[in-house]
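Written below as structure tokens is the structure these notes are about.
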Amino acid sequence: MVCWVGMFITAIGMSQIAPILPLYVNHLGVHNTNSIEQISGIAFGVTFIVSAIFSPIWGKAADKFGRKPMLLRASLGMSIVIGSTGFATNIYQLIGLRLLQGVITGYTTACITLIATQADKEHAGWALGTLSTASVSGALLGPIIGGFIDEVIGPQGVFFITGSLMVVVFIATLIFVKEDFKRSDKKVMSAKEIWSILPDKGILITMFITAFVLQLALYSIEPIVTVYIKQLSHDGSHVALISGLAFSASGLASIISAPRLGRLSDKIGARKVILGSLIAAGVFFIPQAFVKSPWQLMGLRFLLGLATAGLIPSVNTLVKKLSPEAVTGRIFGYSMSAQYLGTFAGSVFGGQISSHFGIRSVFFVTSTLLLLNALWVYETVYKRLAKEYNNKYLPKCS
């Protein structure tokens, strides 16, 4: 439970800045619209780029020193950095603190590794599915939470409240999280050595790319949602709040769907859930281009969340079963790097496609990427595991 809450708040801390960042940049003295957009993009994206670099490093530290120390390090560090962001007096301090936030992250990687190594194989999908609702939901609900706090007490309050919550997570982790970790005296393996012992590199690469594509798809709407909602709204009021609701509808659906799809993954096999979820997500993106009101968009985003909720837990299930226990943290670190890169790429991708071809084209292009990913998963994972379901490395993935 502590891991769930911690991952939820951590994900909020990473994403809640999305709707308020332009307002905060303006608050810090930048008033030119083009400059606000450019600085906001840099400040938002730098956290995820740096997180992608440091996730494997913290994953390696988790394998060496244990997962609980990494949870404590990340929660305390984020509480200080996020809280300090509310005291920024210029854009350089803001960008510097956002960069530092990316350096000290690692709570999610440590949580996933802790649960993956301690959950029994028969219920790994359910456990990881339940845990993934925290990360996905926090990331997608973050914008609406940030937008609401901004309307009530201003943009600085977002950082102060999130930082305070991370202090609570640190204390709860210190008291309640238990780990049976035995430090190994063996030499820490290099990336090349790890690569050489992996049982099925092709499936792992496919899973990393699938995680990347999913995050890209979910965040492709992030830079355009406010403009799209403004076009769909009749009176133009409360655009920021409605945009947060539309963006976060998928997160609410994930809370409902992910544990159930994780349990289904344990029952019928992760490969089937991954393939079905990719196809459903690709289909649900298409009608979003034809909506006539913000509420229709919210409804379709909710259906999208029901579909995509099964992807990350099932991906993590396969990653766990393909990872030797001694390097599980490192492998999940690489998986998290793929997700962080997908988040950054989606934010850039959506804006660029929209500027060149129009807002509605974003949904068509994103749908195409998901369906192509589904085809690739079918050819490289689904068909292969259907033939090798008795493979000693994947006894439960058939």
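For this structure, a couple of remarks:
- Scaled against 2.2 N^0.38 Å for its residue count N, the alpha carbon radius of gyration of region 1-93 is 1.26.
- In plain terms, the chain from Lys64 to Ser361 could stretch by 102.3 nm, reckoned as 0.36 nm per residue minus the Cα-Cα distance.
- Evaluated with a Cβ-only charge set (Lys, Arg +1; Asp, Glu -1), region 1-113 carries a dipole of roughly 420 debye about its Cα centre, given to the nearest 20.
- Euclidean distance of C-alpha centroids, region 194-264 and region 147-178, integer Å: 23
- Apolar share of the accessible surface for the chain: 66 percent from carbon plus sulfur atoms, 1.4 Å probe.
- Qualifying trypsin sites (Lys or Arg not before Pro) in region 238-335, DSSP loop, other Cβ atoms within 10 Å at most 12: Lys292
- What the phi angles of region 79-88 give under the Karplus curve with 6.51, -1.76 and 1.60, with θ = phi - 60°, is a coupling list of 4, 6, 5, 5, x, 5, 4, x, 9, 4 Hz, glycine and proline written as x.
- Heavy atoms of Leu304 accessible to a 1.4 Å probe, total area in Å² rounded to 10: 0
- Length available on full extension from Tyr92 to Ser293: 0.36 nm per residue minus the Cα-Cα distance, which gives 68.5 nm.
- Each of Val283, Ala61, Gly342 was placed along the dipole of the chain (beta-carbon charges, centred on the mean Cα), and the one lying farthest toward the positive end is Ala61.
- In the context of the full set of protein chains, the chain has a per residue accessible area of 41 Å² (1.4 Å probe).
- Cα-centred dipole magnitude for the chain, charges only on beta-carbon of K, R (+1) and D, E (-1), debye, nearest 20: 1220
- Cross-link check: pairs Lys68/Lys321; Lys68/Lys383; Lys64/Lys201; Lys267/Lys292; Lys182/Lys272; Lys68/Lys267 evaluated at a Cα-Cα cut-off of 32 Å; pairs beyond the cut-off: Lys68/Lys383; Lys267/Lys292; Lys182/Lys272.
- For region 256-330, a simple Cβ point-charge model (Lys and Arg +1, Asp and Glu -1, everything else neutral) yields a dipole of about 100 debye relative to the Cα centre.
- Summary value for the chain: 26 percent relative contact order, contacts being C-alpha pairs under 8 angstrom separated by 6+ residues.
- Each of Val319, Leu141, Gln38 was placed along the dipole of the chain (beta-carbon charges, centred on the mean Cα), and the one lying farthest toward the positive end is Val319.
- Coupling constants for region 366-378 follow from the phi torsions by the Karplus curve (6.51 cos²θ - 1.76 cosθ + 1.60, θ = phi - 60°), and in residue order they are 5, 4, 4, 4, 5, 5, 5, 4, 4, 4, 5, 4, 4 Hz; glycine and proline get x.
- Were the residues from Ile153 through Val168 laid out at 0.36 nm apart, the gain over their Cα-Cα distance would be 3.3 nm.
- 222 nm mean residue ellipticity, helices alone, for the chain (DSSP H n ≥ 4; -39,500 (n - 2.57); rounded to 500): -26500 deg cm²/dmol
- q = 0.07, 0.10, 0.14 Å⁻¹, the chain: log10 I(q)/I(0) [Debye, one scatterer per Cα]: -0.30, -0.61, -1.22
- Scaled to the globular estimate 2.2 N^0.38 Å, the Cα spread of region 265-398, given as radius of gyration, is 1.19.
The values are calculated or read from the model by the stated rules, or taken from the named source; none is laboratory data. Please read these numbers as outputs of a predicted model, since none were measured by experiment. Note: ideal-geometry Cβ built from the backbone for every residue, glycine included; neighbour counts use all protein chains shown. Keep in mind that these areas ignore ligands, DNA and RNA; they rest on the heavy atoms of the full protein, side chains included. Shrake-Rupley method; radii C 1.70, N 1.55, O 1.52, S 1.80 Å.
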